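Remarks on the structure that follows.
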Amino acid sequence: MNKPDIPIFDGHNDVLFRLFQAGGRDHAKSFVTGRDGHIDLKKAKLGGLAGGFFAIYVPSPVDLDLKLELMTQDKYDLPLPPAVDLSDALPIALQQAAILAELETLGALKICTSVHDIKTCMQTGLMAAVMHMEGAEAIDADLYNLDIFYRAGLRSLGPVWSRPTIFGEGVPFRFPSTGDVGGGLTDHGVRLVKRCDELGIMLDMSHLNEAGFWDIAKHSTKPLVATHSNSHLLSPHARNLTDKQLAAIAESNGMVGLNFAVAFLRADGKMLADVHYDVLLRHLDHLIEHLGEDGVGLGSDFDGAVIPETMGDCAGLATFRDAMRMHGYNDALMSKLCHENWMRMLARNMG
């Protein structure tokens, strides 16, 4: 039986980028009136999606059709796009931050900077949004822009999105592969980590390579977090986390959000949508085994990836909850996985 009274707070979506692609701030109303993507207010209500991390993402010129075709092969290794200059990245990041602000003006959501804000939204039915930055191309070496984005609501940041930045290196879209590719954080990256810790900006390790992962583990005083990653043992993709990494996250009392992107779920690493809920549940079981019931949440990657056709869009979260219950998860565990664990993690970062 579906229990919509257990709301879902999600670790990652890319709807701001999709609205940016569609026309920017003037297109924000489609989030309220309905759009073709994974998330809008109507779908969110049907799926019990109460909020999540809204990512600011600066794109690279990529032939998406070719990328998706290559990722259906038995093996693939997509070349990483080159670094994006600050002068190119900052205007795009600001436009997406402005889209998020426009959504708040429209009454579609609230930009939350505390757990109290999020819980209030969940009680009143207003969507809760935490501003996230996926790749720090819009942040300058002196970190002035970081402080400004913080004032605008930024509370979560990934130093890289796979391609390199002045702060570190990411993992390629490569299968099969580990994330043990390239060097660690730069001196700028170490300073970024320390400043994020000071401000209360949660660091997201989802796209970092292994060297960068271990550097954050060394230099950060906060729990280790990967907002949208899966088990490398079950899907040996460069984007996924090894059991050694999961052990380090567990030791820090950190957290991982389950990524719905099919290539990071499937044992064959293919970007094909015929994935059933048992595959997602297998990853959840593995994460719970290694991180404990308090260290696992959801990190869908809605509007940023091909997700299981069984789910379709965020309205399908209702059927996914049904599958979780059928799998044997009780209400206490469901509440942790659906939102409580993210609340505890955010409380340790932003209060």
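The values are calculated or read from the model by the stated rules, or taken from the named source; none is laboratory data. Quick caveat, the model's predicted, so the values are computed rather than measured. All Cβ positions, even for glycine, are placed from backbone atoms using ideal geometry, and neighbour counts span all protein chains on display.
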Output yes when any residue across region 1-16 is under 30 Å from ALA323 (Cβ atoms) and in a helix (DSSP H, G or I), and no when none is.
yes
Looking at region 14-27 only, could you name the residues that are surrounded by fewer than 24 Cβ atoms within 10 Å (Cβ to Cβ) and touching an Asp or Glu at 6+ places or on another chain (Cβ under 8 Å)?
PHE17, ARG18, ARG25
Of the residues LEU246, LEU337, LEU346, which single one is outside any loop (DSSP other than H, G, I, E, B), surrounded by 21 or more Cβ atoms within 10 Å (Cβ to Cβ) and either of a type in the set (Lys, Arg) or in contact (Cβ under 8 Å) with a residue 60 or more places away in the chain (or both)?
LEU346
Considering only residues of region 47-70 that are in a helix (DSSP H, G or I) and loosely packed, with under 15 Cβ neighbours inside 10 Å, which is modelled with the lowest pLDDT?
LEU64
Among the numbered criteria (1) out of contact with any strand residue (DSSP E or B) (no Cβ under 8 Å at 6 or more places or on another chain); (2) more than 30 Å from LEU109 (Cβ to Cβ); (3) buried (at least 20 other Cβ atoms within 10 Å of the Cβ), which one does PHE167 miss?
(2)
Just checking, which of LEU100, LEU90 is under 17 Å from TYR150 (Cβ atoms), of a type outside the set (Lys, Arg), part of a helix (DSSP H, G or I) and touching an Asp or Glu at 6+ places or on another chain (Cβ under 9 Å)?
LEU90
Working carefully through the options ILE92, ILE99, ILE139, ILE118, find the one that is surrounded by fewer than 21 Cβ atoms within 10 Å (Cβ to Cβ), modelled with pLDDT of 95 or more and within 21 Å of the chain's Cα centre (by Cα).
ILE92
Does region 178-192 include one or more residues that are within 19 Å of the chain's Cα centre (by Cα), within 26 Å of ALA267 (Cβ to Cβ) and assigned to a loop (DSSP other than H, G, I, E, B)?
yes
